[in-house]
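One structure is given here, and the rest of the page talks about it.
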């Protein structure tokens with residue numbers, strides 16, 4: 001039996017869906033989250049996903065696991081329909097006022113019908129500077 005595959009799982013500030021053509025625009029993709037202190041409440045987190053090789057109706061779950069993998073910080077589920085097993089099913093999840101109790105490497109995990117099919121790491125760190133976004137000035141000094 002062919003099982004669904006997770007092709008992409010991307011955390012970002014916002015995932016805009018153009019319903020007319022089915023395209024998504026991702027704003028503020030985030031390789032990590034910076035916090036002023038812990039516990040930290042992150043105002044909004046979108047997670048864009050692409051799944052393939054699914055058949056018919058399925059229950060998709062996205063969970064954020066604590067750094068020690070022992071607790072589920074938050075999770076959400078939705079029913080989807082795979083219309084074409086060779087095509088992509090794309091979508092987004094949104095979490096608002098996300099409570100992140102400690103710093104560390106959180107795990108975003110996607111499951112289909114209670115079987116894990118993909119995950120990615122989302123590091124959450126204490127911000128060391130207060131300038132908004134972290135910059136890479138040292139690496140970019142020679143750029144013209």
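Where a number appears in this text, it was derived from the coordinates with a stated rule and is not lab data. Please read these numbers as outputs of a predicted model, since none were measured by experiment. Cβ sites come from the backbone with ideal geometry, for glycine too, and all protein chains shown count toward neighbours.
Before moving on, here are some points about what is shown:
- Residue order, fewest to most surrounding Cβ atoms within 10 angstrom, among 16, 48, 106, 24: 16, 24, 48, 106
- Separation between Cα centres of the range 102-122 and the range 27-95, rounded to whole Å: 8
- Over the chain, equivalent-ellipsoid semi-axes from the Cα gyration tensor in Å: 30, 19, 13
- Going from the residue with the fewest nearby Cβ atoms within 10 Å to the one with the most, 42, 89, 125 rank 125, 42, 89.
- Ascending count of other beta-carbon atoms within 10 Å, so fewest first, for 37, 92: 37, 92
- Full extension of the chain between residue 16 and residue 41 yields a length gain of 6.8 nm, computed as 0.36 nm times the residue separation minus the alpha carbon distance.
- Per-selection Rg to Rh, the range 29-100 - Cα, Kirkwood hydrodynamic radius: 1.05
- Note on the chain: helix-only mean residue ellipticity at 222 nm, from DSSP H runs of 4+ residues weighted -39500 (n - 2.57) and normalised by residue number, equals -500 deg cm²/dmol.
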